[in-house]
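Structure first, commentary second.
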Amino acid sequence: MIRLIKLLVVTTILSYLAVWLSNRPGKVEIIWQEYLIQTNVIGIFFLFVISILTVLFIYFFFSKVKNIPKDISYVRKEKKIILTNQALDDVALGLFVGDNELVEKNSRKLKKYLNNHLFSTFMLFNSSLNSENLIEAKKYLNVLKNIPKADYLSKRGEIVVALKEDDFDYALNALIKFKKNYENDVWISDKLSMIYVQRKEWKMALNALEKLNLKDNNKLKNLKAILYTFLNKDIEGSLKISDKPFYVLNEAIKKFLENQNIKGALSLIEKSWPNLQCFKLIDTFLKHENKGISDSLKRHKFLSKVLKKSKNSSHETNFALAFSAFEAKIWGESKKYLDLIPKSNWDKRVTELYKEISKQSPKINLPSIPNQIIDEPYWVCESCHSKVYDWQLVCKNCNNVNSLVWSKSKKIKETKPFFLKNTLRHFPKMN
């Protein structure tokens, strides 16, 4: 409504001015170059308007002509942006499905479209590493070395290539030099500690991890705790700085039992059992520093209370209780827990324990043994997926460090492989 009133007022004023000028047009005479030009105010006004419009037309016309090269360049840039986006999409797809050829092809396109040497060369280097083409990888690595901003990447890449070629002396020396400029770099310290662990130089491996902030790196925290334990340092301190890996737990249980602290050892089992369910800890608790049947009975009593109230009761729990009762020479109770395990879940340990119980007690008959016996629990390497039955810090198959996971643990059940494998995190087999 207000706008309508304003429009009406403006229209009225302009109409009045037009009528007023038409009634009083005046007379204007211009003498130019001996010519007499006669007109009125309205004519001068229209002449002025036409002159302005002509100047504006000429200005915009020549601007358009002048900007033709820029417009052509802009169209080309738009086309490049579209092609670059397509290349980036294809690089992402190649990384997702593990198609190194697709990654390499589109990395070259990105280099052409963007004239970007760092990203495209790095992707080509990464693709060559994934394809195990070390000759090509070295070629791209040399290009990276000549790009000032790629200094960090090229040094890391050089170390990875050395590790892939089993040149561990060169890799170690390069890491030591690299660490001087990047003291708190987790990747460098990680690789340093791994090489030292391979060489069984526990103190040097620990020194590589000492000054790092490992708050969010559970694997290195656990390795640090294991190294503390290897070097006979404070085991309770090792428990505090880690999420309680098997080796540290096992050694801590031994230490508590040596100090006659059964409750301390039991508390470790109580806290770790729901997620880990590693029978080897139970075996240590029942047998280490055991002085006879009275010790076995006492430990069985305590252990039964802890495992029975476990929120994660399972066949493994029943086997642990059966074994504990067997050690305490309570044959009937041992049989009771074994009978809670369905035959479809029997493994070699269950059958062997049943045989022992039937030998010890004439009243207990050995049931029929299933034809199919499942594998007993084992350690599996997260890197090469090989299986072993005794824990080891270094996988004997791929030589990866601290990569073994207990097959019954909650961690291995929940672990899902991530679709991207970071080549620069690779730690190759060491002979």
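The values are calculated or read from the model by the stated rules, or taken from the named source; none is laboratory data. Computed from a predicted model, the values in this text were never measured in an experiment. Virtual Cβ from ideal backbone geometry, glycine too; neighbours counted across all protein chains shown.
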Notebook entry, point to check: Within the stretch 242-264, which residues are under 34 Å from the mean Cα position of the chain (by Cα), on the phi < 0 side of the Ramachandran plot and not hydroxyl-bearing (S, T, Y)?
Noted result: D243, P245, F246, V248, L249, N250, E251, A252, I253
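Yes/no per residue for (1) at pLDDT below 75; (2) farther than 30 Å from L114 by Cβ; (3) in contact with a Gly (Cβ under 9 Å, 6 or more places away or on another chain):
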residue	(1), (2), (3)
V41	yes, yes, yes
F46	yes, yes, no
S51	no, yes, no
T54	no, yes, no
Y59	no, yes, no
F62	no, yes, no
P69	no, no, no
Note to self: Quick check on my filter: what residues within the stretch 245-277 are over 19 Å from A205 (Cα atoms) and in a loop (DSSP other than H, G, I, E, B)?
What the structure shows: N259, Q260, N261, Q277
Checklist line | Any chance L353 is of a type in the set (A, V, I, L, M, F, W, C) and without any contact (Cβ under 8 Å) to a residue 24 or more places away in the chain | finding: no
Notebook entry, point to check: Across the stretch 357-383, what is the number of residues that are among the hydrophobic types (A, V, I, L, M, F, W, C) and either within 16 Å of I341 (Cα to Cα) or modelled with pLDDT under 90 (or both)?
Noted result: 5
Note to self: Can you pull out every residue in the stretch 352-375 that is crowded, with 17+ Cβ neighbours inside 10 Å and within 30 Å of N397 (Cβ to Cβ)?
What the structure shows: L353
Check: Which residues, counting only those in the stretch 152-177, are part of a helix (DSSP H, G or I) and farther than 24 Å from L95 by Cβ?
Finding: A162, F168, D169, Y170, A171, L172, N173, A174, L175, I176, K177
Notebook entry, point to check: Being in contact (Cβ under 8 Å) with a residue 40 or more places away in the chain and not polar (S, T, N, Q), is that true of even one residue in the stretch 366-382?
Noted result: yes
Next item on the list: Select from the stretch 377-406 the residues that are surrounded by 16 or more Cβ atoms within 10 Å (Cβ to Cβ) and under 21 Å from W346 (Cβ atoms) and list them in ascending order.
Entry: P377, W379, V380, W406
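One line per residue, one yes/no per condition, for (1) among the acidic types (D, E); (2) without any contact (Cβ under 8 Å) to a residue 12 or more places away in the chain; (3) loosely packed, with under 14 Cβ neighbours inside 10 Å:
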site: L83; (1), (2), (3): no, no, no
site: A87; (1), (2), (3): no, no, no
site: D90; (1), (2), (3): yes, no, no
site: F96; (1), (2), (3): no, no, yes
site: K105; (1), (2), (3): no, no, no
site: K139; (1), (2), (3): no, yes, no
site: V143; (1), (2), (3): no, no, no
site: L163; (1), (2), (3): no, no, no
